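Right, one structure below, let's go through it.
The values are calculated or read from the model by the stated rules, or taken from the named source; none is laboratory data. Just so it is clear, the model here is predicted, and its values are computed rather than measured. Positions of Cβ are generated from backbone atoms using ideal geometry, with glycine treated the same way; all protein chains shown enter the neighbour counts.
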Amino acid sequence: MSSTATPTAPDRYHYDRQQRLFHWLMAAIIFTAIGLGVWAAFLEPGTSPRREILDIHKSLGMTALVLVVLRLVYRLLAGEPLYRNAPPALTHLAARLAHLALYGLMFFMPLTGYLFSASGNYSLPWFGLFSWPRLLPLDKARALLGESLHYWGAWAIGAVLTLHVLAVAWHVLVRKDEVLERMLPGK
Ligand code: HEM
Ligand code: HEM
């Protein structure tokens, strides 16, 4: 290569600061939303504290929707870090598919929640500060569809997340490789 070539960015082995912030902030939001959603599902509709729990659940869920849009744009611009030791092709493919599924579900869950709540004329609060615009007219059938999609999506995100966390545990405990470090502050 000639000495006048444009210098390339140094190799990067960690997700950058913004990507780590998006990942861990959204992980906390989504775990909390799942916990509150499951709790609410066991409580009597229309009563307290189910209504209050769902208001926080919806506020967290809509926050996740805004964050995942920003996160995806950033991810497409910033790319992903290199591996010091590339994983076997099949492991890499499995990780990519799981990450893709998680990105998809991070959109699917809030959108079906919104579909359900907006079409059913239920509240759409954001931590008591404002209400999200209701872009859909009242439609009971659409609300029921949204509810059912949200319910099955909840099982799907629960299953993929279980695999995601078990996979990380396997990398840390069995393979003892760099995978978890990629999402932790770099040295
Ligand atoms: C990352 C986003 C979200 C996740 C992971 C999530 C997850 C869940 C889970 C696990 C449940 C319990 C299972 C069920 O009954 O369906 C649930 C229930 C519920 N979610 Fe979400 N949710 C999210 C966003 C939203 C949003 C944005 C809304 C509304 C604006 C919403 C509205 C609801 C409602 C009303 C229920 C109660 C359903 C019922 O008991 O019939 N969710 N959610
Ligand atoms: C204790 C919980 C969690 C741990 C230990 C964890 C750990 C990790 C690690 C180590 C990576 C990097 C994998 C690699 O480089 O191949 C990663 C990536 C990822 N995680 Fe998690 N994670 C957790 C929770 C979550 C949650 C709740 C979500 C969202 C629902 C999530 C979504 C993702 C996504 C989408 C990626 C790919 C990032 C990208 O390439 O942009 N994770 N996670």
*Evaluate the following for A27: is it in contact with a His (Cβ under 6 Å, 6 or more places away or on another chain) and either within 6 Å of ligand 1 (Cβ to nearest atom) or not polar (S, T, N, Q) (or both)?*
no
*How do the pairs read when you match residues in segment 72-94 that are within 17 Å of R20 (Cβ to Cβ) with residues anywhere that are part of a helix (DSSP H, G or I) and of a type in the set (A, V, I, L, M), using Cβ under 9 Å and keeping only pairs 6 or more apart or on different chains?*
L72/M106
*When you scan segment 131-157, how many residues do you find that are surrounded by 13 or more Cβ atoms within 10 Å (Cβ to Cβ) and not in a loop (DSSP other than H, G, I, E, B)?*
13
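Taking the conditions exactly as written (of a type in the set (V, I, T), over 19 Å from the mean Cα position of the chain (by Cα), assigned to a helix (DSSP H, G or I) and at pLDDT 95 or above), does V160 satisfy them or not?
no
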_Checking the structure you have, find out if any residue of segment 142-156 is closer than 30 Å to P81 by Cβ and more than 8 Å from ligand 1 (Cβ to nearest atom)._
yes
*For segment 69-122, which residues satisfy the criterion of being more than 13 Å from ligand 1 (Cβ to nearest atom) and assigned to a loop (DSSP other than H, G, I, E, B)?*
G79, E80, P81, L82, Y83, R84, N85, A86, P87, P88
*Hey, does segment 30-49 have a residue that's assigned to a loop (DSSP other than H, G, I, E, B), within 16 Å of ligand 2 (Cβ to nearest atom) and more than 14 Å from the chain's Cα centre (by Cα)?*
no
*asked:* Quick test of your reading of the structure: R12 fulfils all but one of (1) on the phi < 0 side of the Ramachandran plot; (2) modelled with pLDDT of 95 or more; (3) more than 10 Å from ligand 1 (Cβ to nearest atom). Name the failing condition by number.
replied: (2)
*Can you name every residue in segment 166-187 that is in a helix (DSSP H, G or I) and either in contact (Cβ under 8 Å) with a residue 24 or more places away in the chain or at positive phi (or both)?*
A167, E181, R182, M183
*Could you figure out which of (1) more than 30 Å from V179 (Cα to Cα); (2) β-branched (V, I, T); (3) free of Cβ contacts under 8 Å to residues at least 24 places away in the same chain isn't true of T112?*
(3)
*Given M62, M26, which one is near ligand 2 (Cβ under 9 Å from one of its atoms) and either crowded, with 16+ Cβ neighbours inside 10 Å or among the β-branched types (V, I, T) (or both)?*
M26
